[in-house]
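Down below is the structure, laid out as structure tokens.
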Amino acid sequence: MTGVLTTIQRFSLHDGPGIRSTVFFKGCNMRCAWCHNPETLQIKSQVMYYPMKCVGCGACTLACSRHTLSEGKMVYDRSGCTDCGNCTKVCFSGALEFCGREYSAEEVLKEVLQDKDYYIESKGGVTLSGGEVLLQSDFALELLKALKEQGISTAIESNMSTEYDRIEKLLPYLDLVMCDLKLSDDEKHKEWTLVGNERIKENIRKVSEAGIPIILRTPVIPGVNDNEEEIEAIAAFAGGLPSLLYYELLNFNPLGGSKYDALSIDNRFHHAKPLSEERIHAIEEAALKHCKNVKVG
Ligand code: SF4
Ligand code: SF4
């Protein structure tokens, strides 16, 4: 079986315990307005253009009429572009990048098994992330089964906004589930992510009742959920989960901004800044009223 991925990141330290490899699935069913991985939203492959890296060689203009040169830089006309990726093959500066392709399960395993010794020594493993892993749940199942056969610890990062059977079939092969609750109110959740949160909460509860360790997280976004009242409501939900390892507050991360430009997508949080140390710790204190184990990531 094959799955569509953006990349496999080795030696990752932020996607679960220990040293890990993170496998990024492409395609997502939510549209969080602040998403810092916009290249994972669509399942189909896409061309990304970083003008800063363009050296004006003109090779892409010979490959396709979507490209012209102006004042030493390429100008990319996306209208009519089929995302075939041919132009990226002739761009050696890295200004044009083809994001996303099909991988076989064997190919992913070959890549991640190179670091098996590191996983074991550091109590790390492999995390399936995205995008949304559960949209390609059969591929995820094949990978997780194979990883467990190799004795490797496994985790998923998921938005949990799918039918429960897509999640349930993965549970026997999972050591950890990392998931978000971004807003406590269903309508506000819909406003900022395009989907409600009722099914998400129900799925998280079911996974926790099945005994799978959970790290629940909230990205703290300026003007969206950066207030004590909101975080207390989510922390109360987290505190009620029987298998919770900890509740993590993730300060707003503006780093995905250049990817919006590279994809020609509007970035609503272009000017937003992370919360100050003082504010994030005030919010942490509020969360601690409802949940014993809170971290700031
Ligand atoms: S992806 Fe294909 S159609 Fe689009 S600009 Fe490149 S070569 Fe042209
Ligand atoms: S091939 Fe790459 S470096 Fe050359 S003009 Fe096109 S985008 Fe710029």
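Excluding same-chain neighbours fewer than eight residues apart, the lysines reachable from Lys73 by a Cα-Cα span under 17 Å are Lys53. Just to confirm my numbers, what's the Cα centroid distance between region 122-145 and region 222-297 in Å? Centre-to-centre (Cα) distance: 24 Å.
Between the beta carbons of Ser93 and Thr7, assuming R0 = 22 Å, the FRET efficiency works out to 0.70 to the nearest 0.05.
Extension gain, Arg268 to Asp77, is 66.5 nm, computed as 0.36 nm per intervening residue step minus the present C-alpha separation. Using a Gaussian network model of the chain in which every pair of alpha carbons under 10 angstrom is joined by a spring, one finds that among Gly256, Gly125, Gly100 the greatest mean-square fluctuation is at Gly256.
Length available on full extension from Lys190 to Tyr118: 0.36 nm per residue minus the Cα-Cα distance, which gives 21.9 nm. Taken over the alpha carbons of region 66-204 as equal point scatterers, the Debye sum produces base-10 log I(q)/I(0) values at 0.09 Å⁻¹ of -0.44.
For Cys60, the accessible area of its heavy atoms, probed at 1.4 Å with every protein chain present, is near 20 square angstrom.
Taking the DSSP bridge list for the chain and keeping only pairs wholly inside it, about 40 percent are antiparallel.
Could you compute how much accessible surface Thr162 exposes when probed at 1.4 Å, giving the result in Å² to the nearest 10? Counting only protein heavy atoms, Thr162 exposes about 0 Å² to solvent. Here the Karplus curve 6.51 cos²θ - 1.76 cosθ + 1.60, taken at θ = phi - 60°, turns the phi angles of region 4-9 into couplings of 9, 10, 8, 6, 10, 9 Hz, with x standing for Gly and Pro.
Just by accessible area at a 1.4 angstrom probe, what is the order of Arg268, Arg217, Arg66 from largest to smallest?
Correct descending sequence by accessible area is Arg268, Arg66, Arg217.
Using the Karplus relation 6.51 cos²θ - 1.76 cosθ + 1.60 with θ = phi - 60°, the per-residue 3J(HN,Hα) values for region 186-199 come to 4, 5, 5, 4, 5, 4, 9, 10, 6, 10, x, 10, 4, 5 Hz, with x marking Gly and Pro.
Considering only Ser243, Pro274, Asn227, the residue lying farthest towards the positive end of the dipole of the chain is Pro274, judged by Cα position with unit charges set on Cβ. Taking 0.36 nm per residue of separation and subtracting the Cα-Cα distance, full extension of the segment from Lys148 to Lys169 would add 6.1 nm. Hey, in the GNM for the chain with a 10 angstrom Cα cutoff, which one of Asn86, Asn37, Asn227 fluctuates hardest? Between Asn86, Asn37, Asn227, it is Asn86 that shows the largest mean-square fluctuation. The residues Trp192, Trp34, sorted by heavy-atom accessible surface at 1.4 Å with ligands and nucleic acids left out, run Trp192, Trp34 from largest to smallest.
The values are calculated or read from the model by the stated rules, or taken from the named source; none is laboratory data. All values derive from a computational prediction rather than experimental measurement. As a convention, Cβ positions derive from the backbone with ideal geometry for all residues, glycine included, and neighbour counts pool all protein chains shown. Side chains are part of the model used for accessible areas, which takes the heavy atoms of the whole protein and leaves out ligands, DNA and RNA. Shrake-Rupley method; radii C 1.70, N 1.55, O 1.52, S 1.80 Å.
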